[in-house]
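The values are calculated or read from the model by the stated rules, or taken from the named source; none is laboratory data. Since the model is a prediction, treat every value here as computed from it, not as a measurement. No Cβ is skipped: glycine too gets one built from the backbone with ideal geometry, and neighbour counts run over all protein chains shown. Areas reflect the complete protein model, heavy atoms only, side chains present, ligands, DNA and RNA absent. Shrake-Rupley method; radii C 1.70, N 1.55, O 1.52, S 1.80 Å.
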Amino acid sequence: KQQCNYPPIQVFEQYKRQHSNQALLKEEEKYQYHNSDNNNSNHDRNNSYNDRRFAIGYYACPQQAGNRLHHFFNALVWAIVTNRTLLWKYYGAQTCERIEKRYGDNADTLCPRLGNASECSKYLDRADHWLPSFDDWKDRLGFTDTEPELLNEWSVTVKNRQRSEVAPNETFYTEHGVEAKTHVRFVEFPAQVAPSEELGFEKDREKLLRTNEARSRAELLYSMGPNFLFGMIFRETFSFTAAVQQHKNKTAHLSATNDQSVFSVAIHTRHKRRQNAGNHIEKEIKCLTESLRNKKRPDQSCTVYIMADREITIGALTDQLIPMNCTVTTTEKQRQLGVTKEHGPWAGVGFFQDLW
């Protein structure tokens with residue numbers, strides 16, 4: 001009950017009431033009732049929904065799930081802030097080819113590996129009880145084929161645009177900013193490279209958003225930090241299936257117990273460069289050393305949960321942590337290669353199992 005009073009949850013619950021499948025169905029039922037004796041053309045239908053604006057949230061899994069889910073969550077955050085109805089669409093081969101070729105990326109390498117929504121559902125359950133689907137609603141809402149063609153999966157208006165290039169009064173945002181395009185049924189959102197950027201700062205909210213209502217929603221959403229916000233959105237939109245949850249943890253150095261007297265730390269280590277084998281752990285050790293200083297007493301046992309994308313990293317960290325009287329816990333993960341070698345041997349499903 002106390003959690004329900006958290007501002008981000010309150011904003012999100014209000015959004016669901018206004019933009020869920022149920023909300024669209026009520027509008028559709030009301031439209032059909034008032035127009036049962038009239039000519040039910042697409043033009044009439046568009047007029048009946050002329051107060052509602054939309055955005056598309058693309059996602060895919062298990063390949064590139066980190067990026068794909070982040071961009072979906074990012075689109076949902078912007079949709080909440082700007083009071084738009086987010087419609088989900090799977091980022092499958094056909095959509096991928098259209099978008100990737102638009103920007104000259106490696107469509108032939110990437111797109112065939114993204115699978116389909118049915119394959120993704122083996123690992124993620126989508127919250128269909130409230131999330132509306134673009135494919136389910138496009139004909140019922142009278143969308144034209146050209147409207148979603150304007151959008152891309154990265155939720156950006158210009159690819160690789162850096163935040164430092166954006167000035168408060170720049171013509172780009174005057175012409176293409178979120179609030180400047182509210183008359184358009186579908187809108188592209190500005191980039192958000194990391195969860196804490198853009199809408200998490202007051203100066204950026206003032207720059208990017210044109211209404212006090214949008215600024216207020218953004219402030220409330222980020223009031224408990226970006227990690228709480230994106231964790232909440234993940235929980236409200238997807239859940240892991242049994243295929244992800246049915247795995248075992250393996251532990252090294254079993255001297256510690258699992259009671260509250262044990263000091264626990266979780267670390268995620270990621271190697272972006274494919275030539276990095278994972279044996280350089282100086283930054284990880286520095287981070288863990290700083291964290292372990294928060295133990296109540298020097299001889300207190302500790303447990304370190306390691307989420308890593310390189311086998312060598314896990315071994316090297318374990319060798320360093322066992323002399324510190326720490327239990328090292330990792331997850332037995334399914335091996336799967338990613339689109340590129342940078343992701344190590346546990347891309348896709350293994351990533352989900354580590355995260356769970």
Largest first, how would 354, 299 line up by accessible area (1.4 Å probe)?
299, 354
Using θ = phi - 60° and the Karplus curve 6.51 cos²θ - 1.76 cosθ + 1.60, what whole-Hz ³J(HN,Hα) does each residue of the range 297-304 get, with Gly and Pro shown as x?
8, x, 8, 5, 5, 9, 10, 10
As a test question: what accessible area, to the nearest 10 Å², does residue 205 have when a 1.4 Å probe is rolled over all protein chains in place?
20
Quick one: check the C-alpha center-to-center distance for the range 284-342 versus the range 208-239, whole angstrom.
31
For 203, 296, write out the residues from largest to smallest accessible area, computed with a 1.4 angstrom probe and no ligands counted.
296, 203
Which loop-located GluC sites (Glu not before Pro) does the range 280-356 contain, where loop means any DSSP state but H, G, I, E or B and the Cβ has at most 16 other Cβ atoms within 10 Å?
332
Difference of contour (0.36 nm per residue) and Cα-Cα distance, residue 14 to residue 295
97.1 nm
Can you list residues whose amide H is under 5 Å from residue 201's amide H, if they're 5+ apart or on another chain and H is modeled 1.01 Å from N?
none
